[in-house]
Amino acid sequence: MKILVLNCGSSSIKYQFFSLESNSLIAKGIVEKIGMKGSFLKHEKEDGQKVLFEGEILDHKIGIEYILGVLSSAKHGCIKNLEEISAVGHRVVHGGELFTESKLVDDEVIQALEKYTELAPLHNPPNLKGIYGLGALIPSIPQVAVFDTAFHTTMPQHAYMYAIPYALYKKYGIRRYGFHGTSHRFVAARACEILGTKCKGLKIITCHLGNGASVCAIKDGISVDTSMGFTPVEGLIMGSRSGDIDMGAVTYIMDKEKIGTKSASVLFNKHSGMLGISGLSSDMREIREAATKGDERCQLALKMFDYRIKKYIGAYAAAMGGIDVLIFTGGIGENSDTTRTGVCKGLEFLGIELDETVNTGLRSQECTISKAGAKVKVMVVPTNEELMIAIDTQKIIEAHKN
Ligand code: ADP
């Protein structure tokens, strides 16, 4: 079965095309600058060869037309005709309280997603544009929505509620939803596969550390708590997001700087985090390089980054009554040995002990990096959200056939 996975952002569409007989990636690419000058599609074939198509890509539907065009083109494509695509899986950021698992897209799903655009005004509208665009181009193709929030719908109420008037939860749905669910789910399941054990009976903490970052507490295979909240700004310090902050400081800054909610949102989402502290960059590699050369603010940003993750690991070990497996993933988690060392240092009392001969220099590779015999297995597991979306899509299509 061949599945196309689409991740539609406000001005871009990332895509991956899988053949699930062998779980292999056949092609991938990105459409960028949708609706702007200089829009293009960058396509990468199975053999790593890249091709660039420039054109006027005015909206998501045209972007998808480009993608379908290149996939089925005689010169650069990998299928003879579009009927070879069995289904399309969409990454959808917000599924609210309703969607506890991935769903075949129908009118009901679309209506609910329209409703949830209020909760994710930046993310759900482009996700929906992808669904509408594809539906208009190939009406007969089944589409599946895979939600970032779905994995976290198992959180108990005492973990997802905020201590604000209960009426506001009922009226506006103000609660912790959590994000990165597809990644946390994928790496936890993959770690269990590698360890040759079932998730049942295990207490796992997953650290997804990329530009966006979150930690998840997974007990018996289900999410029981996670660091992102009502929006993806809560929790860890991220590339340009503040993570946890006293809301008293937020209103104080808004007062003093005479800014409204829109500017405050830009401040805490785009100008804070590692960028805000370092004053240099949101990119971990650049910050690390400057810190090595003696930049004190970059050194501080790195210490703060590691410290916040360490606190969450401690909190989630307490929440679950222990920890058996600690997983690092995402661009930073998979590649930065120094971050992994910085986070784990001082957690020996929990049974977390790194084998530095294995950890040092390890990049983007599945590996257990804890000392042999240590109580907690510490692992690096590269995430693959797109493959997870493709697998979910296949399962749903097959279930609907029967
Ligand atoms: P996104 O959340 O956008 O998917 P990624 O998961 O790709 O982000 O992670 C991007 C982050 O990973 C950046 O901060 C980048 O600097 C960091 N990163 C990538 N490679 C390395 C590396 N070798 N060492 C340290 N950090 C790295």
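Residues checked against (1) touching a Leu at 6+ places or on another chain (Cβ under 9 Å); (2) among the small types (Gly, Ala, Ser); (3) open to solvent by 10 Å² or more (accessible area, probe 1.4 Å):
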{"site": "Lys80", "(1), (2), (3)": "no, no, yes"}
{"site": "Glu83", "(1), (2), (3)": "no, no, yes"}
{"site": "Arg91", "(1), (2), (3)": "yes, no, yes"}
{"site": "Asp107", "(1), (2), (3)": "no, no, yes"}
{"site": "Ile110", "(1), (2), (3)": "yes, no, yes"}
{"site": "His123", "(1), (2), (3)": "no, no, yes"}
{"site": "Gly130", "(1), (2), (3)": "yes, yes, no"}
{"site": "Leu137", "(1), (2), (3)": "yes, no, yes"}
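What number of residues within the range 321-339 are in contact with an Asp or Glu (Cβ under 9 Å, 6 or more places away or on another chain) and crowded, with 19+ Cβ neighbours inside 10 Å?
Counting residues in the range 321-339 that are in contact with an Asp or Glu (Cβ under 9 Å, 6 or more places away or on another chain) and crowded, with 19+ Cβ neighbours inside 10 Å gives 2.
Could we say that Gly95 is farther than 30 Å from Arg175 by Cβ and not in a strand (DSSP E or B) here?
Taking the combined requirement at face value, the residue does not satisfy it.
Give the range 70-92 a look and list any residue that's more than 20 Å from Gly48 (Cβ to Cβ), outside any strand (DSSP E or B) and touching a residue at least 40 places away in the same chain (Cβ under 8 Å), or say none.
Listed by number, the residues that qualify are Leu82, Glu84.
Does Asp220 satisfy the criteria of being acidic (Asp, Glu) and in contact with a Leu (Cβ under 8 Å, 6 or more places away or on another chain)?
Considered against the rule, which asks whether it is acidic (Asp, Glu) and in contact with a Leu (Cβ under 8 Å, 6 or more places away or on another chain), Asp220 comes out as yes.
Taking the condition of being within 19 Å of the chain's Cα centre (by Cα) and closer than 15 Å to Gln143 by Cα, how many residues in the range 89-125 meet it?
8
Is it the case that the range 330-345 has a residue that's modelled with pLDDT of 95 or more and under 21 Å from Gly201 (Cα atoms)?
The answer is no; no qualifying residue exists.
I'd like the residue in the range 253-303 that is among the hydrophobic types (A, V, I, L, M, F, W, C) and exposed (fewer than 14 other Cβ atoms within 10 Å of the Cβ) and, out of all such residues, is nearest to the ligand (Cβ to nearest atom).
So the residue we want is Leu300.
Using the structure shown, decide if Val250 is open to solvent by less than 40 Å² (accessible area, probe 1.4 Å), more than 16 Å from the ligand (Cβ to nearest atom) and part of a helix (DSSP H, G or I).
Taking the combined requirement at face value, the residue satisfies it.
For every residue, the table says whether it meets (1) within 29 Å of Lys303 (Cβ to Cβ); (2) among the hydrophobic types (A, V, I, L, M, F, W, C); (3) part of a loop (DSSP other than H, G, I, E, B); (4) in contact with a Cys (Cβ under 7 Å, 6 or more places away or on another chain).
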position: Leu168; (1), (2), (3), (4): no, yes, no, no
position: Glu193; (1), (2), (3), (4): no, no, no, no
position: Glu234; (1), (2), (3), (4): yes, no, yes, no
position: Lys256; (1), (2), (3), (4): yes, no, no, no
position: Lys262; (1), (2), (3), (4): no, no, no, no
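Can you tell me which residue in the range 340-351 is farthest from the ligand (Cβ to nearest atom), limited to those that are open to solvent by 20 Å² or more (accessible area, probe 1.4 Å) and in a loop (DSSP other than H, G, I, E, B)?
Going through the qualifying residues, I end up with Gly346.
Residues being within 24 Å of Val187 (Cα to Cα) and open to solvent by 30 Å² or more (accessible area, probe 1.4 Å): count how many of those fall in the range 304-313.
5
Looking only at the range 353-392, how many residues end up being crowded, with 19+ Cβ neighbours inside 10 Å, within 19 Å of Leu302 (Cβ to Cβ) and away from the ligand (no atom under 16 Å from the Cβ)?
Of the residues in that region, 1 qualify.
Only one of Lys2, Lys45 is at pLDDT below 95 and among the basic types (Lys, Arg); which?
Going through Lys2, Lys45 in turn, just one is at pLDDT below 95 and among the basic types (Lys, Arg): Lys45.
Just checking, how many residues over the range 163-193 are surrounded by 14 or more Cβ atoms within 10 Å (Cβ to Cβ) and over 17 Å from His123 (Cβ atoms)?
Residues in the range 163-193 being surrounded by 14 or more Cβ atoms within 10 Å (Cβ to Cβ) and over 17 Å from His123 (Cβ atoms): 12 in total.
Evaluate the following for Ala159: is it in contact with an Asp or Glu (Cβ under 8 Å, 6 or more places away or on another chain) and open to solvent by 10 Å² or more (accessible area, probe 1.4 Å)?
yes
Looking at the range 321-339, I want the residues that are in a loop (DSSP other than H, G, I, E, B) and have a partner that is near the ligand (Cβ under 8 Å from one of its atoms) and open to solvent by 20 Å² or more (accessible area, probe 1.4 Å) with Cβ atoms under 8 Å, at least 6 apart or on another chain. Which pairs are those?
Ser336/Met284; Ser336/Arg288
Does at least one position in the range 307-315 carry a residue that is in contact with a strand residue (DSSP E or B) (Cβ under 6 Å, 6 or more places away or on another chain), assigned to a helix (DSSP H, G or I), among the aromatic types (Phe, Trp, Tyr) and touching a residue at least 24 places away in the same chain (Cβ under 8 Å)?
yes
Give the residue, chosen from Met254, Met320, Met247, that is under 24 Å from Val378 (Cα atoms) and of a type outside the set (D, E, K, R).
Met320
The values are calculated or read from the model by the stated rules, or taken from the named source; none is laboratory data. Just so it is clear, the structure is predicted and the values come from calculations on it, not from any experiment. Note that each Cβ is placed from the backbone with ideal geometry, even for glycine, and that neighbours are counted across all protein chains shown. Ligands, DNA and RNA are stripped out before the accessible areas are found, and what is left, the full protein with its side chains, is counted by its heavy atoms. Shrake-Rupley method; radii C 1.70, N 1.55, O 1.52, S 1.80 Å.
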